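Below: the structure, in structure tokens.
The values are calculated or read from the model by the stated rules, or taken from the named source; none is laboratory data. Only a predicted model underlies this, so the values are computations on that prediction, with no experimental measurement involved. Cβ placement follows ideal geometry from the backbone for every residue including glycine, while neighbour counts extend to all protein chains displayed.
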Amino acid sequence: MLYALLIASALYLSRNIYILMLQLPDELAQGPIYRIFYFHLPGYLTGAACFLLTGVFSALYLRTRNWKWDSLAAAVTEVGLPFAIMNLITGMIWGRIIWGIWWTWDPRLSTALLSAAIYAGYLMLRRAIPDATERAKNSAVLGIFAFASVILTYKSNEWFRTQHPAPVLSIRTGGGTIDPAMEMMLGHNLLALAMLATVLVAIRWNQEERRREIESLRREALAY
Amino acid sequence: MIADAWKVAAKDLRSEWRTKESLNAALAVTVVLLLLFSFAFDPGAEDSKLWSGGLLWLVYSFAAALIVNRGFARELPNDCLEALRASPIPPGALFLGKAFAGFVLLLAVELAALPAFLVFYNVSLTWQAGWVAASFALATWGIAVLGTMFGALTVNLQMRELMLPVLIYPMMMPALVAAIEITGASIQRQAIPEIWLRLLTGFDIIFTALAVLLADVVLVD
Amino acid sequence: MDQRNFEYMCYGLIAAWGVLMIYVATLIGRERRLKSEVETLKKLIEEKSRHEA
């Protein structure tokens with residue numbers, strides 16, 4: 001079932017690639033390169049949603065002490081990371097063409113990199129703690145701290161001048177800055193990536209639960 | 001609660017004063033780093049006033065990692081941490097005491113290394129000195145709270161010394177950036193933007209509150 | 001299609017897909033490891049219970 005959904009979202013992504021390559025015109029000023037944006041923004045949104053959920057699941061774990069939330073927090077963080085990396089890499093390639101440089105120390109870029117670093121640290125902490133209870137507890141605390149830190153950093157961002165392009169989606173601008181067909185495409189790809197992320201989270205969640213079972217099996221096998 | 005926190009802090013500071021192990025190490029590291037950085041970045045260069053504030057706080061952040069690492073690790077021999085957990089001190093107070101001890105130690109190292117920095121890099125911090133002092137206190141408290149919390153999270157790990165820096169450096173970035181901007185503004189004799197002080201205050205309030213709230217979870221069960 | 005930065009667009013799209021592919025590959029790898037681990041442990045437990053019996 002899960003794998004069928006995985007294939008379905010892969011097909012959806014391929015269909016989107018086909019349309020955005022062959023049916024949508026080039027952007028006037030930027031040329032073909034702008035197509036990267038169909039992965040840049042949806043990747044960012046998917047990753048951000050995943051990291052947001054890390055904080056929520058961490059708090060839920062501390063409140064209920066239900067293992068489910070711990071596994072879910074681990075799953076969403078791990079799945080969020082590739083999407084965040086996708087956002088960073090596509091952004092860098094776009095910057096190479098439009099700005100002429102791979103990377104600039106712009107607040108938006110720095111904070112995106114920073115949150116990726118924080119959540120990579122979260123995953124490293126999980127691997128470093130052998131005891132399941134302590135792992136769940138300590139990584140949940142870290143999840144909440146990371147959430148606060150990321151929100152604070154993004155808030156402080158508003159005080160900087162940025163050279164990152166301004167928002168284009170209609171909900172942020174009130175419409176008019178983006179062609180409806182392009183925005184439609186953006187929505188389709190966001191949906192595809194979100195679908196893929198959901199499937200991946202479900203798979204990863206299931207794996208995390210099984211890993212916990214393995215830990216108890218191991219205790220049973222090695223106990224005398 | 002404040003009285004209990006004070007007892008813990010006083011105990012930590014007393015034992016640190018007797019051995020001076022993390023104080024000496026942190027101070028030595030700061031001076032050596034200031035010396036090393038003077039080769040990487042020419043202190044005589046014309047633009048040195050632009051970046052020397054950032055350099056100072058980088059050096060301090062290295063010292064901070066050394067000091068907060070000791071905060072809870074100090075209690076590991078002889079299972080002192082278990083004894084502290086079993087004692088009637090509330091976890092929030094225990095945490096605050098530890099953080100306060102770290103704050104005092106880190107501030108001491110910062111102040112001791114400051115003359116070396118001012119002399120080596122030929123700058124002065126007398127411009128808006130009151131705000132600079134406030135930013136030192138606020139940033140150091142924020143770093144101490146965050147570092148002590150993460151020290152508690154990683155205290156039982158075998159790779160503690162490796163994990164702690166990986167976790168705290170990205171987390172304390174807002175405080176570091178604010179401190180760097182304020183110190184830099186003072187060195188360049190420019191007006192100090194109020195937003196950085198506000199950011200520091202917000203950082204301290206948010207993380208102190210979170211840490212005290214979550215101290216129960218981290219230290220008790 | 002305009003040719004001026006077609007090449008970099010391809011890099012971008014390949015990178016976007018590549019990241020996902022790599023992640024799916026690690027997931028599949030972990031799946032395999034988990035399965036083999038469960039089997040080894042089950043065998044161990046079986047042997048143990050036979051030993052005890």
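Miscellaneous remarks
- In segment B:164-191, the residues that are over 17 Å from B:Ile205 (Cβ atoms), among the small types (Gly, Ala, Ser) and within 12 Å of the chain's Cα centre (by Cα): none
- Looking across segment B:189-221 at every residue that is closer than 14 Å to B:Ala178 by Cβ and part of a loop (DSSP other than H, G, I, E, B), the one that is nearest to the other protein chains (Cβ to nearest Cβ) is identified as B:Pro193.
- Filtered residue count, segment B:30-50, keeping only those that are part of a helix (DSSP H, G or I), free of Cβ contacts under 8 Å to residues at least 60 places away in the same chain and within 23 Å of B:Val132 (Cα to Cα): 2
- Of all residues in segment C:1-43, those being within 30 Å of A:Arg219 (Cβ to Cβ) and among the aliphatic types (A, V, I, L, M) number 5.
- Condition check for A:Gly47: touching a Gly at 6+ places or on another chain (Cβ under 8 Å) and more than 24 Å from A:His164 (Cα to Cα): no
- Residue match in segment A:74-81 (condition: within 14 Å of chain C (Cβ to nearest Cβ), of a type in the set (D, E, K, R), touching a residue at least 60 places away in the same chain (Cβ under 8 Å) and under 27 Å from A:Met195 (Cβ atoms)): yes
- Any hit, segment B:171-180, residues being modelled with pLDDT of 90 or more, within 14 Å of chain A (Cβ to nearest Cβ) and not in a helix (DSSP H, G or I): yes
- Segment B:134-163, subset at the interface with another protein chain (Cβ under 10 Å from one of its Cβ atoms), in a helix (DSSP H, G or I) and more than 10 Å from the chain's Cα centre (by Cα), residue surrounded by the fewest Cβ atoms within 10 Å (Cβ to Cβ): B:Leu162
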